[in-house]
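Chemist: The structure that follows is given in the form of structure tokens.
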Amino acid sequence: MPAKAIIISIGDEILYGQTLDTNSHWISGALDNLGIRVIKKVTIGDTRKEILHYLEQSEKLADMVIITGGLGPTNDDLTKPCLSEYFRTKLVRNQEVLKNIHSMFERAGWEISESNEKQADLPANCTPIVNTIGTAAGMWFDENDTVFVSMPGVPFEMRQMMSDTILPKLKKRFVSDSIYHRMIRTIGIGESKLAEIIADWENQLPDNIKLAYLPTMGSVKLRLTTEGDDETSKMLVQAQIDKVLPLIEKYVYGFDQEEIEDAIGRMLKNKGMTLSVAESCTGGFLSHKITSVPGSSAWFNGAFIPYSNQLKNEQLKVDNKIIQEHGAVSEPVVLALAKNVRDEFKSDIGISISGIAGPGGGTPDKPVGTVWIGYADANKTVARKFQFIRDREINIKYSAIAALNMIRINLDKE
């Protein structure tokens, strides 16, 4: 039976909506990869009573309690005092942690204060976890057959600590029979339609292989899970993947952790092709996704963000007559943008986006969420209209994903 975990995120700023809790999401995935089941996530404020209450409740329910936040140097950071109180111990200054803090301040050229040095005060019964990129040490407690782990709330500090130290320790302590996952990544098809297409295959899955539909923005992931990560389990799962792929191949862009932008980079690299972008309503978000992929300079030549009609005309040579006759959000404009940005950057492929992200700017003919995307290569220049929703942020993200999928579809035809 998989070990059970509870994640506690501490911080008033999370409850107030000032900070997004990405930590619990990341930790859940990391624990799941080990075969550890997260049974509950709790977000609480910097309140002694709440912290002590949830420590007690979590110990009753889980094999491990993973805590983030509340380890800063100020008086409102209560995690360490509460852990010390809960385990009936006291805070003592750890010389190794103190040395690490002094070293980091010296390298940065900062003046250290007494409050910074207090970050080396840890509960006497904990095993310190070195923070190689920050000043707040982590803490490992092994009490009453339950492991408690406390880490900083800063995401990149937490992830490094988890990857370097905590996950290996948890694996050694709790994981005997692992869980094996494979993920099929699809795009351009809704969850319901996908379920219809693969219904017969799903109904014939062996009892020891479970299927989950995981819809995200613009895509659906199919997760196949079985107990054990030996070669036999992997072969059984792969056999089922081989069966379903012919049914949905035109929607599949990758597997496991590969995002659509990763897949586009892989495809462009394999074909030795380059890409350039002209994006208006997305304001650089498409270029951001493309350049988030390591090594993207090998296939991404560059981008224009011609937000105004004047720049569309002056920088990318879109005829003013076309803009005046059809409007900036139109098929002729994105066709011209895609072709001209390809020529301007001497790329194999040009992609363009023009739309009404909202919340204002819509008309009866072109309501908020109307987006045109253009694609140009050596053989063709094509465009497609999309109608998204009335939310600006979502429209920007959907537009970028749709543009990436348009590149994928056309690359598959090359």
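The values are calculated or read from the model by the stated rules, or taken from the named source; none is laboratory data. Note that this is a predicted model, so its numbers are computed, not measured. No Cβ is skipped: glycine too gets one built from the backbone with ideal geometry, and neighbour counts run over all protein chains shown. Ligands, DNA and RNA are excluded from the accessible area calculation, which covers all protein heavy atoms including side chains. Shrake-Rupley method; radii C 1.70, N 1.55, O 1.52, S 1.80 Å.
Chemist: Can you sort Y307, Y213 by solvent-accessible area, 1.4 Å probe, largest first?
Modeler: If we order Y307, Y213 from most to least accessible, we get Y307, Y213.
Chemist: Keeping the other protein chains in place, figure out the carbon and sulfur percent of the accessible area of region 328-414, with a 1.4 Å probe.
Modeler: Carbon plus sulfur share of accessible area: 51 percent.
Chemist: When DSSP beta bridges are limited to those with both residues in region 1-152, what percentage is antiparallel, rounded to the nearest 5?
Modeler: On the way: 11 of 28 bridges.
Here the share of antiparallel DSSP bridges comes out near 40 percent.
Chemist: From the backbone phi of region 66-71, what are the Karplus-calculated ³J(HN,Hα) couplings (6.51 cos²θ - 1.76 cosθ + 1.60, θ = phi - 60°) in whole Hz, Gly and Pro given as x?
Modeler: Taking θ as phi minus 60°, the curve returns 9, 10, 10, x, x, 10 Hz for region 66-71.
Chemist: Moving to a separate point now. Helix 392-412 versus the longest principal axis of the chain: what angle, 0 to 90°, nearest 10, using Cα atoms?
Modeler: 70 degrees
Chemist: Strictly over 30 Å apart at the Cα level, which of K41/K90; K193/K234; K317/K397; K4/K269; K221/K385 would you flag in this model?
Modeler: From K41/K90; K193/K234; K317/K397; K4/K269; K221/K385, over 30 Å: K4/K269.
Chemist: Here's another thing I want to ask about it. Take the solvent-accessible surface of the protein heavy atoms, probe 1.4 Å, and return the percent of it on region 1-133 that carbon and sulfur atoms account for. Let's see the in-between values first.
Modeler: Details: 3520 of 7110 Å².
C and S atoms contribute 50 percent here.
Chemist: Could you give me the ³J(HN,Hα) list for region 250-255, computed from phi with Karplus coefficients 6.51, -1.76, 1.60 and θ = phi - 60°, whole Hz, x at Gly and Pro?
Modeler: 6, 9, 8, 10, x, 9
Chemist: Using the heavy atoms of the protein chains alone and a 1.4 angstrom probe, what is the accessible area of region 44-166 per residue in square angstrom? Let's see the in-between values first.
Modeler: Working: 5990 Å² over 123 residues.
Ligands and nucleic acids excluded, the result is 49 Å² per residue.
Chemist: Between K380 and Q324, how many nm apart are label points set 7 Å from Cα along the C-beta direction?
Modeler: A separation of 3.3 nm, rounded to one decimal place.
Chemist: Specify the residue with the greatest mean-square fluctuation among E13, E114, E344, computed from a Gaussian network of the chain linking alpha-carbon atoms under 10 Å apart.
Modeler: Sorting by GNM fluctuation, first place goes to E114.
Chemist: Ranked highest first by the average count of other Cβ atoms within 10 Å around their residues, in what order do 25-31, 281-287, 191-197 fall?
Modeler: 281-287, 25-31, 191-197
Chemist: Give me the percent relative contact order of the chain, please, defined on Cα pairs under 8 angstrom at least 6 residues apart.
Modeler: 10 percent
Chemist: Suppose only helical runs count, i.e. DSSP H with n ≥ 4. What mean residue ellipticity at 222 nm does that imply for the chain under -39500 (n - 2.57) per run, divided by all residues and rounded to the nearest 500 deg cm²/dmol?
Modeler: Estimated from H runs of four or more residues: -12000 deg cm²/dmol.
Chemist: Pull up the DSSP beta bridges for the chain and report the antiparallel fraction as a percent, rounded to 5.
Modeler: 60 percent
Chemist: Let me ask another. Which of the aspartates and glutamates could a cross-linker span from K366 if the Cα-Cα distance has to be under 17 Å and same-chain partners fewer than 8 positions apart are dropped?
Modeler: Partners within reach: E325, E331, D391.
Chemist: Then there's this: Per residue, how much accessible surface does region 189-251 expose to a 1.4 Å probe? Answer in Å², no decimals. Could the numbers behind the result be given before it?
Modeler: Numbers: 3710 Å² over 63 residues.
It amounts to 59 Å² per residue over region 189-251.
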